[in-house]
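In what follows, a structure is listed as structure tokens, so that the remarks can point back to it.
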Amino acid sequence: DTVRVTVDAGLVDRVVYRAADQTVIKDRITKLGPDAPIAYLLASDLSVREEPAFTALPASRQGEVADVAYKYYRYLNNTAERTPAIAEQSFALLRMQRDYDLSDDYTAPPVTPVQPDQGHRTMLLSATVGSEERDFYTDLEWRLAYHDLLDPAPGYPDGMSLNMGRFVLRAREGDALRLQELSLVEIRSLIPRDRFFQPWSWQVQTGLDRQWTVGSDELVPQLNGGVGVTYGAPLDGRVFALARSRVEYNSKFDRELDIAGGAVIGFLRQGLRHNTLLEAEQLWFTDGEDRTTLKLGHNFLLKDNRALRLHVKRSVNDSVGYTEFGLGYRHYF
């Protein structure tokens, strides 16, 4: 938002993209294709250059493998204490890399992504109509900031979300308007792991939400989080699995303040106009209640800062199930 104000004021002459070291390494790993594992092994073991898997490669590809091995080794040891062993390995890989001429296609910089200030606006207003167990409802949502996993992806980091100040009001058929959800902060990071990089996936969220408990629709304060792993999947997507925990204050529980453990698995696909998120979650509370939730969400970018979102949710709270679906119009500003 600050950059947008600066641009609108005419204070920016030009924009230059400088890719981060990890972005450059990942781009060149992709260009190596099936030969990338050789670079991974070479980074820690110079004897690999004597192996047939390396010596059988064309000279140009050997240079590319050596280049990735050098850059990856430097990346791993960038913050490590400088030791003679690290210096020797780094220098040996550098000398090996310099023995080859790298092609222009290989050394070409990564594709410049959409600038962050050209992504969707960070504030949101949304109106949704739908049905909850055959009762029609209308949701009004206001989000102060910033971006969730189903929002239009261009300009935002893949697989990451950060939401602050999300308010959802619901008017059910024959009922008054009331608070359905208040999310103070919600953060999720679902970055795929591979041979070279192994980031942990995690999430944390706190606020108020409604839960069916002993036949009553209760608005409960809660704090939940999780940690796990994400991997690349077909259809240019990613699959994830996280261990989950939730602390909830619910007056309908035998113990009003209770804790639950469980897990969530899912599939996420983010594209230029279509984003899809499928999740299945199971929680077990210490007082004996268990919850199962299945959710499917799909976001379709209409134009610029307008989108449609469809969601379907099936929840079973302590053997009592209900189904909800809705279609909403979202405006970012």
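The values are calculated or read from the model by the stated rules, or taken from the named source; none is laboratory data. Treat the numbers as computed from the prediction; the structure is a model and nothing was measured. Quick reminder, even Gly has a Cβ in these numbers, built from the backbone with ideal geometry, and neighbours come from all protein chains shown. We work out accessible area using only protein heavy atoms, side chains counted, and drop any ligands, DNA or RNA first. Shrake-Rupley method; radii C 1.70, N 1.55, O 1.52, S 1.80 Å.
Summed over the residues of segment 175-333 and divided among them, the accessible surface reaches 50 Å² per residue at a probe radius of 1.4 Å. Which part of segment 7-40 falls in the paramagnetic zone of Thr112, meaning amide N under 14 Å from the point 7 Å along Cα-to-beta-carbon? 13-19, by backbone N distance to the label point.
With the convex hull drawn around the C-alpha atoms of segment 114-156, the volume per residue stands at 74 Å³. What the phi angles of segment 301-314 give under the Karplus curve with 6.51, -1.76 and 1.60, with θ = phi - 60°, is a coupling list of 6, 7, 6, 6, 10, 9, 8, 10, 10, 10, 9, 9, 9, 10 Hz, glycine and proline written as x.
Projecting the Cα positions of Phe197, Leu208, Leu184 onto the charge dipole of segment 172-230 (unit charges on Cβ atoms of Lys, Arg, Asp and Glu, taken about the Cα centre) puts Phe197 furthest along the positive direction.
With only the Cα atoms considered, the chain has a convex hull volume of 181 Å³ per residue.
Helix 84-98 axis versus longest C-alpha principal axis of the chain: approximately 70°, rounded to the nearest ten.
Taken as Cα centroids, segment 240-297 and segment 61-125 sit 38 Å apart, rounded to the nearest whole angstrom.
Using the alpha-carbon atoms, what tilt in degrees (0 to 90, nearest 10) does helix 21-32 show relative to the longest principal axis of the chain? The angle comes out at about 70 degrees. 3J(HN,Hα) along segment 42-56, derived from phi through the Karplus expression 6.51 cos²θ - 1.76 cosθ + 1.60 where θ = phi - 60°, amounts to 5, 4, 10, 9, 5, 5, 4, 5, 9, 7, x, 4, 8, 5, 7 Hz, with x in place of Gly and Pro. The packing ranking of peptides 80-90, 115-125, 251-261, highest mean first, is 115-125, 251-261, 80-90, where packing means the average number of other beta carbon atoms within 10 angstrom of each residue.
The alpha carbon gyration tensor of segment 174-333 gives principal lengths a ≥ b ≥ c with a/c of 1.5 or higher and a/b no greater than b/c, which makes the shape oblate. In the chain, carbon and sulfur make up what percent of the accessible area (probe 1.4 Å)? Percent of accessible area from carbon and sulfur atoms in the chain: 59. Karplus-based coupling profile of segment 260-266, in residue order and whole Hz: 10, x, x, 7, 9, 10, x, with θ = phi - 60° in 6.51 cos²θ - 1.76 cosθ + 1.60 and x standing for Gly or Pro. Peptides 224-233, 101-110 ranked from most to least packed give 224-233, 101-110, packing being the mean of other C-beta atoms within 10 angstrom over each peptide's residues.
Can you give the calculated 222 nm mean residue ellipticity of the chain, where each DSSP H run of n ≥ 4 adds -39,500 (n - 2.57) and the sum is split over every residue, rounded to the nearest 500 deg cm²/dmol? Let's see the in-between values first.
Values: 7 runs with 67 residues, N = 333.
About -6000 deg cm²/dmol.
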